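*Asks:* Got a structure for you, questions after.
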Amino acid sequence: MAAGAAAGALPAFAQWPERPIKIVVTFAPGGASDILARVVAEQLGRKLGQPVVVDNRPGAGGTIGGQVVATAAPDGYTLMLSNTTPIALGPFTLDKQPYDPVAAFSHVAYLGSAPLVVMASKESGIKSWADLEARAKKEGRLDFGSGGPGSVGHIHGELIKRVTGANMVHVPYRGGAPMTTDLLANIVPVGIDVITAYVQYFKTGQLVPLAVTGTTRSPLMPEVPTMVELGQPKLVLENFFGISGPARLPAETVARLHDAANEVLAMPEVQKKMVDLGIVAQPESTARFEGFVREQVAVLGPTVKGAGIKL
């Protein structure tokens, strides 16, 4: 009887996927999440035998796209390129959480992480982390820009304020591009964002990298110290990337999707693209990924609420 039940379950597993799969990206086209999603989607489609298409649903700290996935049918055809913002930050910037970032999703495959970079305008005169702290104390106020309210850059700035006591004032932008424009013009002296889009400006000397927020130095800028090296372990914050779906995805679907994602991560061309984006590929088990999400939510959620950050 048990053998018959197992045999009967096999066709259902083999049939998924029978049609195209959608990966929701919670940001506009062109950013690191969007680029990574498209690279992964192309190769994942080949592994699964069905097209995997990207659907950009930006807005509200990533929660618009997050809610699309959280309320989708748990059949494996609507997934999300999950990351720190829609999971551990955005839901806590709203008066009423649109979803539970742990219980509302099946967190299937961890792809990797990218550090943030704390940077300064060349004209600001800030050339090191020590300079930043000294400037904040000397002038009594130091403005910093981020990609928007509730973004990882914004949250990290709030962490800096809490840990160091520096009087830093957030200057919100509608994305990384307008912040970069003002940073280059020294309209805002300091910026905090995911490292990917800024390496070109560091190489030309137009912007000054002060620190990366990962536990190890970034291969894109191996000369820039980490927060740990600067004696600030509480300021470690990385932007993670993964594949998640609605809660209660079938176990067989989760297993097949997880294994296919890990096969994609092992491809040299995918690894090269991730390095170019400043993302360190790091395959993990589904259980480890779920545990990581719980930890991120437990740490960052109270930080967002405590700082009174609202969208």
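The values are calculated or read from the model by the stated rules, or taken from the named source; none is laboratory data. Since this is a predicted model, take the numbers as computed values, not measurements. Cβ: placed from backbone, ideal geometry, glycine included. Neighbour counts: every protein chain shown. Side chains are part of the model used for accessible areas, which takes the heavy atoms of the whole protein and leaves out ligands, DNA and RNA. Shrake-Rupley method; radii C 1.70, N 1.55, O 1.52, S 1.80 Å.
*Asks:* Please report the antiparallel percentage of the DSSP beta bridges confined to the chain, to the nearest 5.
*Replies:* Numbers: 25 of 40 bridges.
So the antiparallel bridges in the chain amount to around 60 percent.
*Asks:* Which cross-chain or sequence-distant (5 or more) residues have an amide H under 5 Å from the amide H of Glu284, H modelled 1.01 Å from N in plane?
*Replies:* Under 5 Å from the amide H of Glu284 lie the amide H atoms of Tyr110, each far enough along the sequence or on another chain.
*Asks:* Which angle between 0 and 90 degrees, to the nearest 10, do you get for helix 32-48 versus the longest principal axis of the chain when only C-alpha atoms count?
*Replies:* Approximately 20 degrees, to the nearest 10.
*Asks:* Let me ask something else. At 1.4 Å probe size, with the rest of the protein present, what percent of the exposed accessible area of the chain is carbon and sulfur atoms?
*Replies:* Numbers: 7250 of 13200 Å².
Solvent-exposed carbon and sulfur of the chain make up 55 percent of the total.
*Asks:* Between the helical axis of 129-139 and the dominant principal axis of the chain, each derived from Cα atoms, what acute angle in degrees is found, rounded to the nearest 10?
*Replies:* 50 degrees
*Asks:* If you place +1 on the Cβ of every Lys and Arg, -1 on the Cβ of every Asp and Glu, and leave all else neutral, what size is the dipole of the chain about its Cα centre, to the nearest 20 Debye?
*Replies:* On the way: 27 positive and 26 negative charges, 86 e Å.
That gives a dipole near 420 debye.
*Asks:* Order the peptides 248-254, 31-37 from the highest to the lowest mean number of other Cβ atoms within 10 Å of their residues.
*Replies:* On the way: 248-254: 15.9, 31-37: 23.4.
The densest-packed peptide leads the list: 31-37, 248-254.
*Asks:* What shape does the range 124-215 take by its C-alpha gyration tensor, where a ≥ b ≥ c are the square roots of the eigenvalues and a/c under 1.5 counts as rounded, a/b above b/c as prolate, and the rest as oblate?
*Replies:* Details: a/c = 1.40, a/b = 1.20, b/c = 1.17.
Because its axes are fairly even, with a/c under 1.5, the range 124-215 counts as rounded.
*Asks:* So for the chain, if I pair up every lysine 8 or more residues apart or on another chain, how many of those pairs have alpha-carbons under 18 Å apart?
*Replies:* The number of close lysine pairs in the chain is 13.
*Asks:* When the helix-only estimate is applied to the chain (DSSP H runs of n ≥ 4, each -39,500 (n - 2.57), divided by the residue count), what is the mean residue ellipticity at 222 nm, nearest 500 deg cm²/dmol? All intermediate terms of the calculation are to be shown ahead of the outcome.
*Replies:* Values: 10 runs with 122 residues, N = 311.
That calculation yields -12000 deg cm²/dmol at 222 nm.
*Asks:* In whole Hz and in residue order, list the ³J(HN,Hα) couplings for the range 96-109 that follow from phi through the Karplus curve 6.51 cos²θ - 1.76 cosθ + 1.60, θ = phi - 60°; x for Gly and Pro.
*Replies:* Result, ordered by residue: 10, 5, x, 6, 8, x, 9, 6, 7, 10, 9, 8, 8, 9 Hz.
*Asks:* Quick one: Karplus J couplings for the range 80-87, per residue in order, coefficients 6.51, -1.76, 1.60, θ = phi - 60°, nearest Hz, x for Gly and Pro?
*Replies:* Result, ordered by residue: 9, 7, 7, 7, 4, 5, x, 9 Hz.
*Asks:* Amide H to amide H, which residues 5 or more places from Ser82 or on other chains are under 5 Å from it, using H placed in the peptide plane?
*Replies:* Under 5 Å from the amide H of Ser82 lie the amide H atoms of Gly242, Ile243, Ser244, each far enough along the sequence or on another chain.
*Asks:* Share of antiparallel DSSP beta bridges in the range 67-196, in percent to the nearest 5? Before the final figure, lay out the partial values.
*Replies:* On the way: 5 of 11 bridges.
Of those bridges, close to 45 percent are antiparallel.
*Asks:* Hey, another quick one. Using alpha carbons only, how many degrees (0 to 90, rounded to 10) separate the axis of helix 251-265 from the longest principal axis of the chain?
*Replies:* Its long axis makes an angle of about 50 degrees.
*Asks:* Additional query: Based on the alpha-carbon gyration tensor of the range 222-293 and its eigenvalue square roots a ≥ b ≥ c, which shape applies: rounded if a/c is under 1.5, prolate if not and a/b is larger than b/c, or oblate? Show your work: numbers first, answer last.
*Replies:* Working: a/c = 3.48, a/b = 1.59, b/c = 2.19.
Oblate shape, in that a/c is at least 1.5 and b/c is the bigger or equal ratio.
*Asks:* May I pose another question? At 1.4 Å probe size, with no ligands or nucleic acids counted, give the accessible surface of Lys22 in Å², nearest ten.
*Replies:* Rounded to the nearest 10, that gives 60 Å².
*Asks:* Compute the accessible area per residue over the range 148-281, keeping the other protein chains in place, probe 1.4 Å, unit Å². Show your work: numbers first, answer last.
*Replies:* Working: 5540 Å² over 134 residues.
Accessible area per residue: 41 Å².
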